[in-house]
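Notes for the one structure printed next.
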Amino acid sequence: MHTAELALSLLLVVIIVVSLLSNVLVLICFLYNAEIRKQVPGLFILNLTFCNLLLSASSMPLTLIGVLSNAHPGGHIFCQVVGFLDTFLTTNSMLSMAALSIDRWVAVVFPLSYHSRIRHRDAVIALAYTWVHSLSFSVVAACLSWVGYHQLYASCTLCNGRAVNAKTQFAIYTMVLHSLTFLLVSVVLCVTYLKVLKVARFHCKRIDVITMQTLVLLVDIHPSVRQRCLEEQKRRRQRATRKISTFIGTFVICFTPYVITRIVELFVTEPFNPYWGVLCKSLAYSKAACDPFVYSLLRHQYRKTCSDIINRLLKRSSPNGSGHQQENGKIGRAKEIVKDGEVEARFTH
């Protein structure tokens with residue numbers, strides 16, 4: 001086995017393990033915490049987790065086998081089923097990310113009317129659309145025999161037809177598929193999250209003004225408390241940009257190389273380096289390992305749920321002692337100024 005094949009195999013193993021463990025953990029948190037289940041975004045996260053788990057259990061292991069053996073993994077029918085799932089699950093997960101971004105945009109830009117604008121019925125309708133959209137493209141590819149083993153990606157996925165007419169149709173299908181999934185979702189993510197960032201920066205400036213005015217009035221405040229307020233002010237300005245960059249950046253980094261390679265492949269005759277194809281496919285797979293952290297596990301509600309589950313398994317009580325609850329009076333007054341509870345909670349939602 002070449003060094004490149006070994007490195008790609010190790011990368012796929014890490015992606016599979018992380019994806020399975022993290023998505024299972026998100027599913028456990030969803031089942032354990034009733035508050036998460038009541039929230040509208042929980043439905044989108046559940047659908048995204050479901051897609052990532054199936055992708056991690058079906059397409060990823062077969063790609064690993066294809067890299068290790070340099071051969072077709074499984075029979076033709078089995079590979080067609082896996083290729084169908086690969087198209088369906090990838091498309092469905094992309095659309096779920098777009099639905100989550102729209103939900104966050106409404107929560108931040110219209111906080112007072114959020115619950116009237118986004119209800120469980122609306123979420124169910126949005127999820128129904130993602131399934132119909134994904135199934136439509138997957139069924140068309142399966143009916144036209146456009147799914148099978150692709151040597152470049154060492155996986156069961158979309159592949160070219162042999163006849164010239166079939167190749168033209170496949171090229172049109174591929175362009176439409178990526179335009180209505182990757183390109184559409186990219187535009188939705190950029191528009192919604194940049195609007196969220198604009199609102200977050202506006203609130204940060206407003207809080208900064210109030211904080212500075214109050215620090216001037218609190219002449220008796222301790223210098224260390226004043227310094228902490230100023231540091232929190234600086235962190236708040238960076239927090240919104242960092243979160244938005246994570247949401248958009250992970251999507252672009254993981255899917256762009258694969259989508260571009262897919263499109264360029266339609267118009268060139270020279271073969272690609274097979275290691276490049278597997279690397280692009282692995283990057284696309286890595287989004288399934290990133291999603292649990294980007295959308296769930298790094299949020300306070302999920303971290304607290306994980307902590308509660310661990311404490312329950314270890315039969316420990318939650319650390320809610322008075323030593324963790326009480327703070328100095330002046331520190332409390334300063335923190336009331338530095339925080340904007342409603343906007344911060346909705347933005348991290």
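Results, tabulated for the structure shown:
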{"read-out": "Spin-label proximity, Leu180 to region 80-113 - amide N less than 13 Å from point 7 Å beyond Cα toward beta carbon", "value": "91-92"}
{"read-out": "Hz values of 3J(HN,Hα) by residue in region 46-54 - Karplus curve (6.51, -1.76, 1.60), Gly and Pro given as x", "value": "4, 5, 5, 5, 4, 5, 5, 5, 5"}
{"read-out": "Extension gain, Lys198 back to Glu5 (0.36 nm per residue minus Cα-Cα distance, nm)", "value": "65.0 nm"}
{"read-out": "Translational diffusion coefficient (Stokes-Einstein; Kirkwood radius from C-alpha pairs) of region 1-309 at 37 °C, 0.692 mPa s, in µm²/s", "value": "153"}
{"read-out": "Computed E for Ile28/Asn273 - FRET, C-beta separation, R0 45 angstrom, nearest 0.05", "value": "0.65"}
{"read-out": "Those trypsin sites (Lys or Arg not before Pro) in region 62-163 that DSSP places in a loop and that have at most 15 other beta carbons within 10 Å", "value": "Arg119, Arg162"}
{"read-out": "Global geometry of region 82-128, whether rounded, prolate or oblate, following the gyration tensor of its Cα atoms and the 1.5 cut on a/c", "value": "oblate"}
{"read-out": "Chymotrypsin sites (Phe, Trp or Tyr not before Pro) within region 263-293: DSSP coil, no more than 13 neighbouring Cβ in 10 Å", "value": "Phe267"}
{"read-out": "5 angstrom amide H check on Ser155, placed H, neighbours 5+ away", "value": "His150"}
{"read-out": "Accessible surface of Glu5 - all protein chains present, 1.4 Å probe, nearest 10 Å²", "value": "20"}
{"read-out": "Apportionment of accessible area to carbon and sulfur, region 27-180, percent (1.4 Å)", "value": "72"}
{"read-out": "Size of charge dipole - region 1-309 - debye, nearest 20, with Cβ of Lys, Arg +1 and Asp, Glu -1, no other charges", "value": "1240"}
{"read-out": "Amide H partners (placed H, <5 Å) of Val147, local residues excluded", "value": "Cys159"}
{"read-out": "Calculated FRET value between Ala57 and Ile125, using beta carbons and R₀ = 35 Å, to 0.05", "value": "0.80"}
{"read-out": "Relative contact order [Cα under 8 Å, 6+ residues apart], region 1-309, whole percent", "value": "26"}
{"read-out": "Surface accessible to a 1.4 Å probe, Leu11 within the full protein complex, Å²", "value": "70"}
{"read-out": "Inter-site label distance for Ser116 and Ala71 at 7 Å from Cα along Cβ, in nm", "value": "6.5"}
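The values are calculated or read from the model by the stated rules, or taken from the named source; none is laboratory data. All values reported here derive from a predicted model rather than from experimental measurement. Neighbour counts are summed over all protein chains in view; Cβ atoms, including those assigned to glycine, are modelled from backbone coordinates with ideal geometry. Surface areas here come from the heavy atoms of the whole protein model, side chains and all, with no ligands, DNA or RNA. Shrake-Rupley method; radii C 1.70, N 1.55, O 1.52, S 1.80 Å.
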